[in-house]
Amino acid sequence: MELVRSAHSLGEANFHLQFTPKYRRDVFRDGEVKKVCEEGFRETAARYGFAVHAVEFGPDHAHIFVGACKNLAVSELARLLKGASSRRIRQRCWDRVKAKLWGDAFWTAGYFYRSVGATTNEAIKYYLEHSQRKHWKAVDHDVYLRSKQRSISEYIA
């Protein structure tokens, strides 16, 4: 991948995101739902000026690798991608998934993200294809922050 240049910046911002449908239902066993969801991701990227390098689906989750996200926070990326894909699914193939879900929500409220440094498209594809077998070890955010905090005396020393 190349560094992204704009009028006042030069850099690289790549993220691996994972989204899960409500109740972790296996809605992506349906090829049409996968296709419509990916179209929503790609349309959003084009509209907001970032790149979708790869998209892979498990039966009950979606992996998206995005780059060139210089003006968007991870939370904003997740909101935009989940919102557009959910809206598109509800418009075009809701009848295919509504029996597995309750109410109007398609995605869970949360998401997984990881900042990814410089890498190649081949490495991204390999990583996403093989991450279907991987389970993440999660640490509670507050616990993580407390473990990283230092006392003032540690900083001075």
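Rule-based calculations on the coordinates, nothing more; no lab input. Everything numeric here is computed off the predicted structure, so don't read it as measured data. Here Cβ is always computed from backbone atoms with ideal geometry, including for glycine, and neighbour counts include all displayed protein chains.
Structure data summary
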{"quantity": "Protection-proxy order for peptides 109-116, 63-70, 45-52, 79-86, each taking the mean of Cβ atoms within 10 Å per residue, highest first", "calculated": "63-70, 79-86, 45-52, 109-116"}
{"quantity": "Virtual spin-label span in nm between Tyr126 and Asp30, 7 Å along Cα→Cβ", "calculated": "3.6"}
{"quantity": "Calculated over segment 55-103: convex hull of Cα atoms, volume per residue (Å³)", "calculated": "101"}
{"quantity": "Overall Cα dimensions of segment 1-56 - principal axes, largest extent first, Å", "calculated": "43, 18, 18"}
{"quantity": "DSSP-loop GluC sites (Glu not before Pro) across segment 1-107, with at most 12 other Cβ within 10 angstrom", "calculated": "Glu2"}
{"quantity": "Stretchable slack from Ala7 to Asp60, in nm (0.36 nm times residue separation minus alpha-carbon distance)", "calculated": "15.0 nm"}
{"quantity": "Space enclosed by the convex hull of the alpha-carbon atoms of segment 21-85, per residue, Å³", "calculated": "73"}
{"quantity": "Bins of 5 Å, starting at 0 and running to the largest distance - Cα pair percent for segment 1-111", "calculated": "2, 12, 24, 24, 16, 10, 6, 3, 2, 0"}
{"quantity": "Net charge of neighbours whose Cβ lies under 11 Å from the Cβ of Tyr23, counting Lys and Arg as +1 and Asp and Glu as -1", "calculated": "+2"}
